[in-house]
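The values are calculated or read from the model by the stated rules, or taken from the named source; none is laboratory data. As the structure is a computational prediction, the values presented were derived from the model and not from experiment. So basically every Cβ, Gly included, is an ideal-geometry build from the backbone, and we count neighbours across all protein chains shown.
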């Protein structure tokens, strides 16, 4: 059995040997077999796949991954996005003040249900003002801003508070979202970043 010093080394070797990028299930099994303490997830799989596809990680004798079925790529992208949004939701629910200092989640504020839909996180700021928090995995489009405003409007009708704020959290924002938020005093945009830290296990 080949011994790998890093997960990156393993991924490159498997791709070079097979001449294509392996399935999530196969690569996951190999990673966990060689690095049993790894916290390997679909987001890591997608990261390596993207880097190799763009040539940012070189694989000997392996030019592209265009031979991979495009339908599978789309499905994996959807699954990764859903997984990332779930992980983001879980993390920020535990670390709400990373979004804004002084925020606290109201009772029942995780996935708070309204007539307009389900708010990701409903919180209060340090002044006691309600804050609607909408989370998006990836880049937020103008529909996300509309969704946030819809929640604020619906909550305003059913709450005694009239000064409800909104925070949209995403990895990036369409220009129209940025321009729209600048025109709305009670809405703030917060950008998150994800980094992968690789460490030698053996």
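Structural remarks
- Test: residue 43 is assigned to a helix (DSSP H, G or I), closer than 23 Å to residue 137 by Cα and modelled with pLDDT under 85: yes
- For the criterion of being assigned to a strand (DSSP E or B) and either at pLDDT 90 or above or not assigned by the TED database to the domain that holds residue 41 (or both), residue 110 passes.
- Sole exception among (1) modelled with pLDDT under 95; (2) surrounded by 14 or more Cβ atoms within 10 Å (Cβ to Cβ); (3) over 22 Å from the mean Cα position of the chain (by Cα) for residue 165, by number: (1)
- Residues of segment 121-146 satisfying the condition of being under 18 Å from residue 185 (Cβ atoms), without any contact (Cβ under 8 Å) to a residue 40 or more places away in the chain and crowded, with 17+ Cβ neighbours inside 10 Å: 130, 131, 132, 134
- Any hit, segment 144-158, residues being within 26 Å of residue 47 (Cα to Cα), in a helix (DSSP H, G or I), in contact with a helix residue (DSSP H, G or I) (Cβ under 8 Å, 6 or more places away or on another chain) and at pLDDT 90 or above: yes
- Residues in segment 2-19 that are surrounded by 14 or more Cβ atoms within 10 Å (Cβ to Cβ) and assigned to a loop (DSSP other than H, G, I, E, B) were compared, and the one that is modelled with the highest pLDDT is 6.
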